[in-house]
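Let me begin by handing over the structure; questions about it come next.
The values are calculated or read from the model by the stated rules, or taken from the named source; none is laboratory data. Since the structure is predicted, the reported quantities are computational estimates derived from the model, not experimental observations. Neighbour counts run over all protein chains shown; Cβ positions are idealised from the backbone, glycine included.
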Amino acid sequence: MAAVVTEQFRILNASNFIDSVLDENNSYYVFLGLPNSSAVGFGRTSDWSTASSGPPSPTDNFQYLTHYRDTGIFGKRVTGTNIRRVVRKVQWTTNTAYDMYRHDYSSTNLTPNSGTSRLYDSNYYVINSDFKVYICIDNGSSGTNLKGNRSKFEPTSTDLQPFTAGSDGYTWKYLFSISPSDVIKFDSTEYIVLPNNWSTSSDSQIQSVREAGDSETNNNQIKKVYIKNAGLGYTASTYDILGDGTGGRVSISVDSNGAITSTNVITGGKGYTFGIVDLERTGTISSAANLIPIIPPSRGHGYDLYSELGADRVLIYARFDDSTKDFPVDTKFSQVGIVKNPKEYTSSGFASTNFTGSTYSSLGALKLDSAYTGTPTVGEKVTQTQSSTEIAKGWVASYDSDTKVLKYFKDRSLFLTNGINQEDRTTIGVDSKVIEFNNTDSIVFTTATQTTVASGFTGSSENGISLSANFVGGLADPEINKKTGDIIYIDNRPEVGRNLRQKEDVKIILEF
């Protein structure tokens with residue numbers, strides 16, 4: 001039995017995902033993680049920075065999903081201002097042949113210029129040099145000129161009705177202009193960003209285009225009747241468009257032999273899913289014409305932007321800078337991910353409340369002795385021997401020499417045999433216990449001198465400087481419970497080092 005998941009299902013999934021992000025009951029975060037991809041261990045069986053093959057592809061199973069949460073270091077919440085639908089970027093360029101919008105492209109009716117079986121894979125819309133987006137209603141094509149003409153005049157009008165930009169045979173329909181703020185955040189060489197909430201937006205530009213495209217009120221659904229076969233013996237006049245809609249009328253011009261040379265839609269009508277032009281055959285027709293009314297998506301061009309342009313991709317944007325201590329500038333990262341609904345951290349059990357802050361740190365922290373002058377290295381191991389059978393272990397993620405705050409994370413590579421597997425060994429009773437740091441025993445580094453925790457320090461700031469952690473006796477917990485949240489995206493990257501002069505603009509494309 002043959003079946004297909006339709007394009008509209010993918011578009012619906014993209015819309016549902018955005019609705020989920022905007023739902024106040026959910027919290028989605030873009031996070032950065034894994035500051036020490038060079039430390040061979042679980043999830044990194046080779047040094048990513050030196051491996052000729054580059055970072056490994058992420059593994060999607062429950063074991064790795066929990067590991068990605070362990071190695072996360074900080075995150076930023078995704079809000080409505082940082083998520084958009086996107087479509088392929090088709091930049092208008094002179095002397096290029098574009099496909100016209102048609103509702104009937106298929107494997108047996110390929111797009112003439114792009115050669116694709118899907119409308120959404122063809123170049124039937126463009127963005128101009130002023131970030132205005134247009135759909136091609138007519139490219140001058142017909143049954144005798146299948147590919148149409150080359151576009152020579154850049155569309156620039158914002159007229160709500162289809163227009164010609166010049167004498168190249170093209171008719172364009174203006175859809176929208178990308179706002180300057182969206183250009184700054186979302187513009188790329190590959191994608192055009194679309195506005196959110198097209199069907200409900202009160203933005204005057206969007207509302208005007210949407211309402212002008214509503215054929216239920218404007219009786220203007222059909223914009224183009226395509227001449228597949230010009231026929232012979234016809235009379236120039238205005239004729240009804242029949243089918244399952246109403247109100248459509250098209251005028252035709254003919255040559256001296258009665259061959260149809262052009263069509264002009266007088267009234268687009270409404271309610272059409274198919275149309276047939278009634279040419280009122282009353283005389284002798286030596287060759288039958290074939291006119292195809294082109295049916296727009298939904299009620300008309302511009303009414304449903306997401307279906308019209310095939311918006312099955314979503315772009316998420318996040319900027320990480322030095323604006324908060326949650327984002328330490330002396331760290332590194334090798335993973336970028338998205339987590340949904342991490343829970344608030346509690347010292348006992350699982351919290352039932354989603355974390356909802358704008359940013360979070362998923363790192364534990366130690367406030368080191370004020371007299372300490374060492375410089376721990378990001379990625380090195382830090383240990384604390386509390387007894388002969390209990391050793392706390394972690395990886396250094398950040399160290400601020402001004403505030404003496406060391407941030408660390410734990411992952412399973414610290415507790416597995418050779419950092420990789422669960423094989424038995426004589427020291428397993430000591431090495432594989434996950435022990436929390438205390439504020440009494442010495443802190444030992446691999447490359448730096450040892451020190452102690454400032455056990456007398458309690459608070460979240462010092463000398464007016466926010467420490468982005470709440471310390472009790474020199475110890476601070478993560479802001480989220482790292483055993484919670486759904487990892488819905490992960491990307492392994494070559495190691496990136498952060499610094500004061502650097503900002504990371506992260507753009508993630510999700511395709512549905």
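Of all residues in the stretch 280-339 being among the aromatic types (Phe, Trp, Tyr) and in contact with a strand residue (DSSP E or B) (Cβ under 7 Å, 6 or more places away or on another chain), which is nearest to ASN13 (Cα to Cα)?
First, pick out the residues of the stretch 280-339 that are among the aromatic types (Phe, Trp, Tyr): 303, 306, 317, 320, 327, 333.
Filter once more, so that each one left must be in contact with a strand residue (DSSP E or B) (Cβ under 7 Å, 6 or more places away or on another chain): 306, 317, 320, 327, 333.
On the way: TYR306: 12, TYR317: 19, PHE320: 28, PHE327: 32, PHE333: 30 Å.
Top of the filtered list is TYR306.
Does ASP19 satisfy the condition of being under 17 Å from the mean Cα position of the chain (by Cα), acidic (Asp, Glu) and not in a strand (DSSP E or B)?
The answer is yes for ASP19.
Please go through the stretch 476-505 and pick out each residue that is closer than 30 Å to PHE457 by Cα and basic (Lys, Arg).
Hits for the stretch 476-505 are LYS482, LYS483, ARG498.
Given the structure, is VAL254 among the aliphatic types (A, V, I, L, M), buried (at least 22 other Cβ atoms within 10 Å of the Cβ) and over 36 Å from the mean Cα position of the chain (by Cα)?
Details: among the aliphatic types (A, V, I, L, M): yes; buried (at least 22 other Cβ atoms within 10 Å of the Cβ): no; over 36 Å from the mean Cα position of the chain (by Cα): yes.
No: the conditions fail for VAL254.
Report yes if some residue within the stretch 406-419 is part of a strand (DSSP E or B), without any contact (Cβ under 8 Å) to a residue 60 or more places away in the chain and of a type in the set (Phe, Trp, Tyr); otherwise report no.
First, the residues of the stretch 406-419 that are part of a strand (DSSP E or B): 406-409, 417.
Subsequent filtering for residues that are without any contact (Cβ under 8 Å) to a residue 60 or more places away in the chain retains 406, 408, 417.
Retained after the next criterion (residues that are of a type in the set (Phe, Trp, Tyr)): 408.
Yes, there is a match, as at least one residue in the stretch 406-419 is part of a strand (DSSP E or B), without any contact (Cβ under 8 Å) to a residue 60 or more places away in the chain and of a type in the set (Phe, Trp, Tyr).
Turning to a different aspect of this structure: Looking at (1) polar (S, T, N, Q); (2) closer than 25 Å to ASN16 by Cβ; (3) surrounded by fewer than 16 Cβ atoms within 10 Å (Cβ to Cβ), which is the one condition that is false for ASN196?
(3)
Still on this structure: In the list THR267, THR353, THR359, THR273, which residue meets the criterion of being in contact (Cβ under 8 Å) with a residue 24 or more places away in the chain and farther than 26 Å from GLN221 by Cα?
Numbers: THR267 fails: farther than 26 Å from GLN221 by Cα; THR353 fails: in contact (Cβ under 8 Å) with a residue 24 or more places away in the chain; THR273 fails: farther than 26 Å from GLN221 by Cα.
When all the criteria are applied, what remains is THR359.
Select from the stretch 213-262 the residues that are in contact with a strand residue (DSSP E or B) (Cβ under 6 Å, 6 or more places away or on another chain), within 16 Å of ALA288 (Cα to Cα) and polar (S, T, N, Q) and list them in ascending order.
Within the stretch 213-262, ASN229, SER253, ASN257, THR261, SER262 qualify.
To keep it simple, each residue is scored yes or no on (1) farther than 26 Å from TYR317 by Cβ; (2) touching a strand residue (DSSP E or B) at 6+ places or on another chain (Cβ under 6 Å).
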site	(1), (2)
TYR28	no, yes
PHE62	yes, no
TYR68	no, yes
GLY80	no, no
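Output the residues belonging to the stretch 386-404 that are among the β-branched types (Val, Ile, Thr) and crowded, with 23+ Cβ neighbours inside 10 Å.
Going through the stretch 386-404, the residues among the β-branched types (Val, Ile, Thr) turn out to be 389, 391, 396, 403.
Correct list: VAL396 only.
When the residues of the stretch 457-475 are narrowed to those that are assigned to a loop (DSSP other than H, G, I, E, B) and modelled with pLDDT of 95 or more, which ends up nearest to ARG412 (Cα to Cα)?
So the first thing to find is which residues in the stretch 457-475 are assigned to a loop (DSSP other than H, G, I, E, B), and the list is 457-458, 463-464, 473-474.
Narrowing further to those that are modelled with pLDDT of 95 or more: 457-458, 473-474.
Values: PHE457: 30, THR458: 30, GLY473: 27, GLY474: 25 Å.
Taking the candidates together, the pick is GLY474.
Go through (1) part of a strand (DSSP E or B); (2) touching a residue at least 40 places away in the same chain (Cβ under 8 Å); (3) of a type in the set (Gly, Ala, Ser) one by one and return the number of the condition SER251 breaks.
Condition (2) is where SER251 drops out.
Identify, please: which residue in the stretch 199-233 is more than 32 Å from the chain's Cα centre (by Cα) and of a type in the set (S, T, N, Q) and is, among those, surrounded by the most Cβ atoms within 10 Å (Cβ to Cβ)? Can you show your working first?
Keep residues of the stretch 199-233 that are more than 32 Å from the chain's Cα centre (by Cα), which gives 216-220, 222-233.
When the remaining residues are screened for being of a type in the set (S, T, N, Q), the result is 217-220, 229.
On the way: THR217: 11, ASN218: 16, ASN219: 17, ASN220: 23, ASN229: 16.
Checked the stretch 199-233; the qualifying residue surrounded by the most Cβ atoms within 10 Å (Cβ to Cβ) is ASN220.
Another question, then. Out of curiosity, is ALA289 over 27 Å from the mean Cα position of the chain (by Cα), in contact (Cβ under 8 Å) with a residue 12 or more places away in the chain and crowded, with 20+ Cβ neighbours inside 10 Å? Before the answer, list the steps.
Details: over 27 Å from the mean Cα position of the chain (by Cα): yes; in contact (Cβ under 8 Å) with a residue 12 or more places away in the chain: yes; crowded, with 20+ Cβ neighbours inside 10 Å: yes.
Yes, satisfied.
Go through the stretch 292-404 and tell me which strands (runs of 3 or more DSSP E), entirely inside it, have 2 or more residues that are β-branched (Val, Ile, Thr) and modelled with pLDDT of 95 or more. Can you show your working first?
Values: elements: 313-320, 332-340, 359-361, 364-367, 381-385, 391-400.
Where strands (runs of 3 or more DSSP E) fall fully within the stretch 292-404 and carry at least 2 residues being β-branched (Val, Ile, Thr) and modelled with pLDDT of 95 or more, they are 313-320, 332-340, 381-385, 391-400.
Identify, by number, the condition in (1) surrounded by 14 or more Cβ atoms within 10 Å (Cβ to Cβ); (2) under 37 Å from the mean Cα position of the chain (by Cα); (3) not acidic (Asp, Glu) that THR417 doesn't meet.
(2)
Tell me, which strands (runs of 3 or more DSSP E) lie completely within the stretch 165-229 with 2 or more residues that are within 30 Å of ASN145 (Cα to Cα) and either in contact with a Leu (Cβ under 7 Å, 6 or more places away or on another chain) or assigned by TED's automatic domain parsing to the domain that holds LYS152 (or both)?
Numbers: elements: 171-177, 191-193, 224-229.
Qualifying strands (runs of 3 or more DSSP E): 171-177, 224-229.
Going by the conditions given, is LYS407 surrounded by 15 or more Cβ atoms within 10 Å (Cβ to Cβ) and either of a type in the set (Lys, Arg) or not assigned by TED's automatic domain parsing to the domain that holds THR377 (or both)? Give the derivation first.
Details: surrounded by 15 or more Cβ atoms within 10 Å (Cβ to Cβ): yes; either of a type in the set (Lys, Arg) or not assigned by TED's automatic domain parsing to the domain that holds THR377 (or both): yes.
When the stated conditions are applied, LYS407 passes them.
Name the single residue, out of those in the stretch 426-436 being more than 41 Å from the chain's Cα centre (by Cα) and surrounded by 13 or more Cβ atoms within 10 Å (Cβ to Cβ), that is farthest from GLY41 (Cα to Cα). Talk me through it step by step, then tell me what you get.
Within the stretch 426-436, the subset more than 41 Å from the chain's Cα centre (by Cα) is 426-431.
Keeping just the survivors that are surrounded by 13 or more Cβ atoms within 10 Å (Cβ to Cβ) gives 428, 430-431.
Details: ILE428: 17, VAL430: 18, ASP431: 15 Å.
Across the stretch 426-436, the extreme among qualifying residues is VAL430.
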